[in-house]
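Derivation of every value follows stated rules applied to the coordinates shown; laboratory data play no part. Keep in mind it's a predicted model, so treat the numbers as computed, not measured. For neighbour counting, all protein chains shown are included, and Cβ atoms are generated from backbone atoms with ideal geometry for every residue, glycine included.
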Amino acid sequence: MSDAKNTDKKSKADDAAKDTAKNDDQQHQNDKQKDEIKVARTQTDPSLLTRLAQRTAYRRATALGASGTGAAIWTVQRMTALALIPLALWFLVSILSMLHAPATTAAAWLGAPWNAALIGAFVLVALRHGTIGFRVILEDYVHSEGWRVASIALVYAIAALSALATVVGLAVLIFTHIGG
Amino acid sequence: MTARSTTRPLSPHLQHYRPEITSILSVLHRATGIVLGLGAVGLAWWITALALGGSAQSVTHWLLTSWLGYLALFGWTFALGFHLCNGVRHLFWDAGMGFEMDSVRRSGKAAVGGALLLTVIVWIVVIV
Amino acid sequence: MAEFRLPPNSRLGQGKTWDSPSDAKKPREFRVYRFDPASDDHPRMDSFTLDLDETGPMVLDAILKIIDEVDPSLALRRSCREGVCGSCAMNINGKNGLACLTHIDEQGDGPITLTPLPHLEIIKDLVGSLETLYAQYEMIEPWMKADGPEPERERLQTPEDREKLNGSYECVLCFCCATACPSYWWNGDKYLGPAVLLQAHRWLADSRDDHTGERLDALDDPFRLYRCHTIMNCTSACPKGLNPAKAIAETKRKLAQRR
């Protein structure tokens, strides 16, 4: 019984050894064939690889085509820039002294409807102008698609929150001012 | 990111390219833009704090009148002054004007001068 | 993130200082970027010292003297030696230019550093791969696309219309401008860069071409055209005195006008 088992084992081991030898041989054949193909490729048509590389480069350059949105974003950035010139000059001469004034003075000043309207316009237009700018910067440097989308979304969210806070805050200040 | 298909080295670029007044001011325009973006959010917060009143108001006032607050406001003034002047320079370019290298360099110097002038004037007004 | 540093395989290794003539009356050091694709070594900066009394006036003359008399294995592209072919474009002391149009004595004192055009894959020494740039050039279809019947003789154009091509047809496609542009460094796979955009504008400006609208459509993209931030490195570098930045601005204006 045990003898038979041993013989069985032995023959299995022999088969395995044979298989390995056969595999090695096959592997060797394959490698040789691959080398031959490689040599044949470069010998028969050396320009083929060059032409394929050019084709790849051309496809990479054309990619998915033009998005058709470049001019639109660019125009909004320039329009907001134009609007910001007078607003920024007004802001520089009038607001900066208010920033460190006593809070009650500042609140009263902001509660005057004209001041509130001008500073509201300045902040909202600046936020629109700034989101485009930040987006361009992020597109320039953040090349991973996930991080790019996430970071631009974060910028948009912060800008939207700031815009909302500005509008609500100014409304409160105006009503307090008129009421008081 | 450009997929590099080979192990070929990349030639030196940023490390090696000579900076000029044009490229330096371009970087400065971007940097001041980032400062102003943060400033706009800060401005929204300032308005909110004034509307909220109470401790939000007093903490904000304390921050703005600290030396750090003054430093930030001063930096912000210069950033606004430069981004404004250099932005006007950009708008002229967008209209197709001022593209000869001589005038590009001259307008760059003018933008820096204008920014410094604006900053000084505004801060004299603030102090007085 | 955009990679602001050089990848590890591109950082410079230890260079070689080549024997120089000991009796030189006007010695001048040239530091030259070397890369040998047949070895596993990093790129390196080699130092050559030439006698300027025995050398022609241009940077290209110095390089050819190095090849003739010191190291024949130094590789570069060159052909016309007079600024017409655009082959010998390289970075000279930190700024792009044509070696054949750059005077040695206008380079100040100290060693003259020669590196390949920036941010290209290097094939050998001063020879960078221009494959992507040529593909992008092909993409803007730089040939006349005229509708209507073939004329019997040449397509006519008024002298005023012909004048609109001045400043762009002179481009020799040396790519000094494109490889000087930081925006092209970071996004060169999608941004067309100043050289190709100058040529795109050349076909927009041609009164004999009937496909202006289509050409503008192909450019209306945040990356293809609008990565230009008017940094002005292109115009500053152009060895032919052309103004790619202005051509790009005019293209942006054309796109804004049709909105």
Within 10 Å of the Cβ of an average residue in C:1-7, the count of other chain Cβ atoms is 6
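Return the calculated 222 nm mean residue ellipticity for the protein assembly as shown, to the nearest 500 deg cm²/dmol, obtained by summing -39500 (n - 2.57) across DSSP H runs with n ≥ 4 and dividing by the residue count.
Details: 19 runs with 330 residues, N = 567.
Helix contribution divided over all residues of the protein assembly as shown: -19500 deg cm²/dmol.
If you take the Cα Rg of region C:131-257 and divide it by 2.2 N^0.38 Å, with N the number of residues, what do you get?
Working: Rg = 14.5 Å, N = 127, 2.2 N^0.38 = 13.9 Å.
Output field value: 1.05.
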Going by average Cβ density within 10 Å per residue, which order do the peptides B:84-92, C:51-59 take, highest to lowest? B:84-92, C:51-59
I'd like the Karplus ³J(HN,Hα) series for region C:235-247: coefficients 6.51, -1.76, 1.60, θ = phi - 60°, whole numbers in Hz, and an x wherever there's a Gly or Pro. 5, 5, 8, 4, x, 9, x, 8, 10, x, 4, 5, 4
Per residue of B:26-36, what is the mean number of Cβ atoms on other protein chains within 10 angstrom of that residue's Cβ? 3
What whole-number distance in Å separates the alpha-carbon centres of region C:76-130 and region C:3-27? 15
For the protein assembly as shown, can you list the cysteines whose C-beta has no other cysteine C-beta under 4.7 Å from it? B:85, C:88, C:100, C:171, C:174, C:176, C:181, C:228, C:238
Proxy exposure order for B:17, C:184, C:134 (fewest C-beta within 10 Å first) is C:134, B:17, C:184
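With respect to the cross-link table entries B:109/C:190; A:32/C:124; C:65/C:95; C:145/C:246, which display a Cα-Cα separation exceeding 27 Å?
Numbers: B:109/C:190 32 Å; A:32/C:124 31 Å; C:65/C:95 22 Å; C:145/C:246 24 Å.
Among B:109/C:190; A:32/C:124; C:65/C:95; C:145/C:246, the Cα-Cα distance tops 27 Å for B:109/C:190; A:32/C:124.
Using the 10 angstrom Cβ neighbour count as an exposure proxy, how do B:45, A:114, A:74, A:147 rank, fewest first? All intermediate terms of the calculation are to be shown ahead of the outcome.
Working: B:45 16, A:114 7, A:74 21, A:147 12.
Fewest-to-most Cβ neighbours within 10 Å comes out as A:114, A:147, B:45, A:74.
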Output field shielding_mean for C:235-247 (other chain Cβ, 10 Å radius) holds 3
For region C:220-259, average projected area of the Cα convex hull in nm²: 2.9
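Fewest first, what order do C:73, C:47 take by the number of other Cβ atoms within 10 Å?
Values: C:73 10, C:47 14.
Result, fewest neighbours first: C:73, C:47.
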Rounded to 10°, Cα long-axis angle of helix B:67-94 versus longest principal axis of chain B: 40
Can you give me the relative contact order of region B:21-127 as a percent, contacts being Cα pairs under 8 Å and 6 or more apart? 34
Going by alpha carbons, how many degrees (0 to 90, nearest 10) lie between the helix axis of B:21-52 and the longest principal axis of chain B? 20
Helix C:59-69 against the longest principal axis of chain C: what's the angle in degrees, Cα atoms only, rounded to the nearest 10? 50
Nearest 20 debye, what's the magnitude of the dipole of chain C about its Cα centre given +1 on Lys and Arg Cβ and -1 on Asp and Glu Cβ? 900
Could you tell me the distance between the Cα centroids of region C:222-243 and region B:51-118, to the nearest Å? 25
